[in-house]
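In what follows, a structure is listed as structure tokens, so that the remarks can point back to it.
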Amino acid sequence: MAAVKSESVKVVKEFSRPGPVFTIEAVPDSRRVIFGGADFQVCELDLAQEKPEPRTWGAHESYVTGLAIAGRYAVSGAYDGHLMWWDLETGKTVRTIPAHKKWIRNVAATRDGKTVVSVADDMVCRLWDAESASLLHELRGHEEQTPNHYPSMLFACAVSPDDQHIATADKVGHIVVWERATGQSVATLEAPGMYTWDPVQRRHSIGGIRALTFSPDGNLLAAGGVGKIGNIDHLDGNARVEVFDWRKKERTHEFPGDKIKGLVEHLAFHPGGDWMLAAGGANDGFLMFFDLNAKSVLVQDKAPVHIHDLVVNSAGDSFIAAGHGKILLYEIKS
Amino acid sequence: MADSHTRFCGSPEHAMDRRRFLGTMAAGAAAVAADMTVLNVLQEPVLAAELKKQQKRVILLWLAGGASQLETFDPKPGAPTGGPFRAIATSVPGIQISELMPKMAQRMDRTCIIRSLNTKNGDHGGGARLMMRGRMDDPSVRYPDLGAVLARELGRVHSQVPDYVSFYTSTEGRDFAPGAAGFLGSRYGPMELTTSMIPENIHRAAEISDLDHRQRADLRELLSKRFERGRSGSALGGHNEAYQRVRGLMASEKLFDISEEPQKVRDLYGPTQFGEQVLAARRLVEAGVPFVRVGRAWWDSHGQNFETHQELVPELDHVMSTLLDDLAQRGLLDSTLVITLAEFGRTPAINPSLGRDHFASAWSTTLSGCGIAGGSVYGKSDKTGNTVADGEVGAAELFATIYQALGIDPQKNYYVGSRPVPLTDPGTEAIDEVLA
């Protein structure tokens with residue numbers, strides 16, 4: 001097992017951006033990454049270049065919040081409700097489709113490259129054929145309103161390693177696991193500790209499950225967000241992670257946080273399952289590494305910026321993170 | 001108190017608050033100026049019609065904590081500071097507002113947006129007092145707030161209803177700008193509802209009969225008149241006036257009770273607390289209450305500004321548009337001014353928590369209905385929303401405009417002792433372009 005310590009996780013390169021970068025993906029078999037953010041743009045960065053410079057592919061009409069690599073395409077989703085298909089080699093737009101009536105919060109793809117998954121604040125998860133962009137399934141299992149009559153939000157989605165299941169999670173902490181082939185719900189889970197409704201002081205809510213990922217063996221499903229918050233003007237709650245054996249519908253791990261405050265925006269496993277990484281932030285950023293076998297926190301450190309997304313390389317010794325005004329290349333040395 | 005002329009004695013009695021007022025009332029001490037217990041203004045067509053013709057009223061939607069102008073009435077789509085929301089066209093060509101407000105977009109002909117407030121105070125308490133009173137604190141004078149002034153100016157002498165009602169249920173920010181009658185005296189202070197939609201302790205105590213209640217009031221009045229002989233002072237006058245209004249206030253309980261409304265009307269306003277309180281506000285102004293503030297807290301979105309506004313702005317959009325429709329259908333919109341206001345707006349800059357912070361340099365307010373040139377925008381912020389580009393408006397100019405819209409001279413003087421105190425600072429003028 002690869003041990004991780006604070007001193008072994010280092011930023012080795014960083015790139016400044018004009019605002020928040022919300023989503024990043026790595027192009028397989030290359031050192032290229034694609035990213036999008038608050039400038040509405042979808043851009044490419046080739047880390048193989050001596051002095052990498054971002055190249056803009058095109059733009060949405062609002063924040064770009066999801067990216068996935070599906071075969072020969074990159075697919076981006078944005079708060080404009082549209083999905084855009086991009087040619088992975090040329091960076092040219094292949095097609096744009098109206099996919100959701102409200103903000104798209106995340107985009108994923110199956111590993112076989114055939115299906116694109118999008119989730120949005122219309123509270124629907126849609127599965128799309130990656131080649132034709134035809135709609136395959138609409139997955140409806142999340143309430144449109146919170147129990148207090150306000151709009152809910154569908155923040156997160158993930159695809160199981162065997163491509164057979166899709167998981168989705170919303171603002172009030174409701175998680176649904178779906179069968180990809182049929183579009184049927186096969187499990188529901190609850191993580192209400194990640195949603196704070198303040199009925200007395202401020203009368204609105206904050207939180208929600210912002211990150212989801214399956215373990216490499218597909219048995220566990222991890223969810224991340226922020227714990228209960230006293231003053232919901234700020235992200236002033238402990239970063240929170242819960243892990244479920246989703247088939248048994250049992251929570252196996254709870255990391256309520258004791259040092260790090262803010263939202264868990266992204267969760268990723270080491271390819272071999274050695275550790276799980278959580279990243280996010282409030283006004284600052286953070287990184288946390290967990291050993292699920294020992295049920296322990298290996299690392300909980302500040303990051304230079306609030307991190308919104310990251311992608312771990314296939315060897316598990318490096319990752320690239322997208323955050324508030326920066327893209328950060330990290331190395332993990334055992 | 002003489003018309004437009006009051007004396008501030010500075011005595012503790014002058015500052016009698018609602019708690020004391022209602023607490024004493026519950027003890028059964030009351031005077032009866034007239035038998036007001038048969039009050040049923042809402043079902044009295046002649047009286048209602050007369051009210052519609054003569055009386056002007058205000059409903060203040062107080063967006064406590066500071067709503068973002070960029071996510072409501074002054075969107076900057078595409079600017080680095082603009083955030084993710086789009087701007088949408090409204091019923092008035094050339095005016096766009098946030099996509100979070102599609103219902104208000106269809107009713108823009110009733111509303112004037114002022115996009116150039118520069119009020120220079122980004123502190124919750126200081127900003128709230130400034131925007132409730134129209135001017136900065138002055139250690140030598142306790143200024144009344146907008147509600148108290150309008151209670152004084154628009155309230156009727158023998159009113160059977162409260163003159164100033166304030167709903168503020170959330171606890172955050174409630175103490176930053178409590179209703180303040182200032183030198184006008186407690187007669188014009190607010191009936192503040194913080195825990196219930198209906199005033200507490202408004203009922204006659206069960207162990208006291210109506211006759212007993214009247215007799216106690218008569219006795220109190222007799223003793224009070226004896227005490228008044230040879231004495232003067234606004235505190236004493238205000239004290240007695242307050243008692244004289246008790247039975248009217250007791251009878252006004254139903255005005256606060258939205259269950260008296262048809263279900264279809266309640267459904268229009270929706271199930272949220274804000275919707276229910278605004279419906280109650282409409283009932284109150286319809287019955288002749290000149291000023292109602294509905295405090296909707298808490299907009300202070302230092303973190304997750306966009307999610308917060310996704311929750312709160314659609315609610316504001318729905319409730320405000322429903323209110324304007326309802327007032328218009330009842331023939332009340334021409335005589336009722338609906339204001340959206342807060343202590344400040346929010347920064348164009350977006351912080352790492354995706355929040356916006358306090359900002360008083362270029363923000364927005366709206367005025368709808370009575371005396372207002374609907375379908376208009378006054379003032380302009382720059383491309384990023386960081387500064388006022390045209391038509392800067394301060395709190396004083398805003399208040400002068402509100403007073404003018406209601407037919408009140410902004411330079412009218414009150415007197416604190418022999419000191420004249422104009423409603424707005426000398427030289428302040430209403431904004432003609434905002435007025436109908």
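State, to one decimal in nm, how far the label point of B:Asp257 lies from the label point of A:Thr56, with both points 7 Å from Cα in the Cβ direction.
6.3
I want the local charge near A:Pro18. Using Cβ-Cβ distances under 15 Å, sum +1 for each Lys or Arg and -1 for each Asp or Glu among the other residues.
Neighbourhood net charge equals -1.
For B:Leu337, what residues show an amide H to amide H distance below 5 Å, using hydrogens built from the backbone and excluding near sequence neighbours?
So B:Leu337 has HN proximity to B:Arg57, B:Val58, B:Ile59, B:Cys370.
Under 12 Å from the Cβ of A:Phe40, count the other residues' Cβ atoms, weight Lys and Arg +1, Asp and Glu -1, and hand me the total.
Around A:Phe40, the charge tally is -2.
Could you work out the local net charge near A:His174, counting Lys and Arg as +1, Asp and Glu as -1, over the other residues with Cβ closer than 9 Å to its Cβ?
Taking every Cβ under 9 Å from that of A:His174, the sum is -2.
Residue by residue through B:296-309, how many Cβ atoms from other chains fall within 10 Å of the Cβ on average?
For this peptide, the per-residue mean of nearby foreign Cβ atoms is 6.
Rounded to the nearest 10 Å², what accessible area does B:Thr119 show when all protein chains are kept and the probe is 1.4 Å?
10
Name the shape class, rounded, prolate or oblate, that the alpha-carbon gyration tensor gives for chain A, where a ≥ b ≥ c are the square roots of its eigenvalues, rounded holds for a/c under 1.5, and otherwise prolate holds if a/b is larger than b/c and oblate otherwise.
rounded
If you plug each phi of segment B:305-317 into the Karplus form 6.51 cos²θ - 1.76 cosθ + 1.60 with θ = phi - 60°, what whole-Hz ³J(HN,Hα) values come out, in order, with x for Gly and Pro?
4, 6, 5, 4, 6, 5, 7, 7, 5, x, 5, 4, 4
Hey, rough spin-label estimate for A:Glu7 and B:Ser91, points 7 angstrom out along Cα→Cβ, what's it come to in nanometres?
In this crude label model, A:Glu7 to B:Ser91 measures out at 7.0 nm.
Please give the length that would be gained between B:Val141 and B:Glu429 if that part of the chain were fully extended, namely 0.36 nm times their separation in residues minus their C-alpha to C-alpha distance (nm, one decimal).
On the way: separation 288, 0.36 × 288 = 103.68 nm, distance 2.18 nm.
That pair, B:Val141 and B:Glu429, stretches by 101.5 nm at full extension.
HN-Hα J couplings of segment A:187-201 from phi, Karplus 6.51/-1.76/1.60, θ = phi - 60°, integer Hz, Gly and Pro as x?
7, 10, 9, 10, 9, x, x, 9, 10, 10, 10, 9, x, 10, 7
Full-extension gain between A:Ser314 and A:Ser30, please, as 0.36 nm times their residue separation minus the C-alpha to C-alpha distance.
Length difference between fully extended and current span is 101.1 nm.
Given H placed on each backbone N at 1.01 Å, which residues far from A:Ala130 in sequence or on other chains put an amide H within less than 5 Å of it?
A:Thr115, A:Val116
Per-residue mean of other chain beta-carbon atoms within 10 angstrom of the beta-carbon, peptide B:163-172?
2
Step through the residues of segment B:369-375 one at a time and calculate ³J(HN,Hα) from phi using the Karplus curve (6.51 cos²θ - 1.76 cosθ + 1.60, θ = phi - 60°), rounding each to whole Hz and writing x for Gly and Pro.
x, 3, x, 10, 7, x, x
How many Å² of accessible surface get buried when B and A come together, counting both sides, probe radius 1.4 Å, rounded to the nearest 100?
2800
Between segment A:264-334 and segment A:84-127, what's the alpha-carbon centroid distance in Å?
Cα centres, segment A:264-334 to segment A:84-127: 24 Å.
At 1.4 Å probe size, with the rest of the protein present, what percent of the exposed accessible area of segment A:6-332 is carbon and sulfur atoms?
46
How would you rank B:60-70, B:171-181, highest first, on the average number of other Cβ atoms within 10 Å across their residues? It would help to have the intermediate numbers written out before the result.
Values: B:60-70: 27.1, B:171-181: 20.4.
Peptide ranking by packing, descending: B:60-70, B:171-181.
So for the pair B:Leu223, B:Ile208, with labels modelled 7 Å out along Cα→Cβ, what separation do we get in nm?
Using points 7 Å along Cα→Cβ, the separation is 1.2 nm.
Given a 1.4 Å probe and the protein chains all in place, what does the accessible area of B:Glu99 round to, in Å² to the nearest 10?
Only protein atoms counted, so the area is about 50 Å².
With every protein chain kept in the model, how would you rank B:Asp409, A:Asp122, B:Asp432 by accessible area, 1.4 Å probe, largest at the top?
From most exposed to least exposed: B:Asp432, B:Asp409, A:Asp122.
The values are calculated or read from the model by the stated rules, or taken from the named source; none is laboratory data. In this text, all values refer to a predicted model and were calculated from it rather than measured experimentally. Cβ: placed from backbone, ideal geometry, glycine included. Neighbour counts: every protein chain shown. Accessible surface is based on the protein model in full, side chains and every heavy atom, while ligands, DNA and RNA are left aside. Shrake-Rupley method; radii C 1.70, N 1.55, O 1.52, S 1.80 Å.
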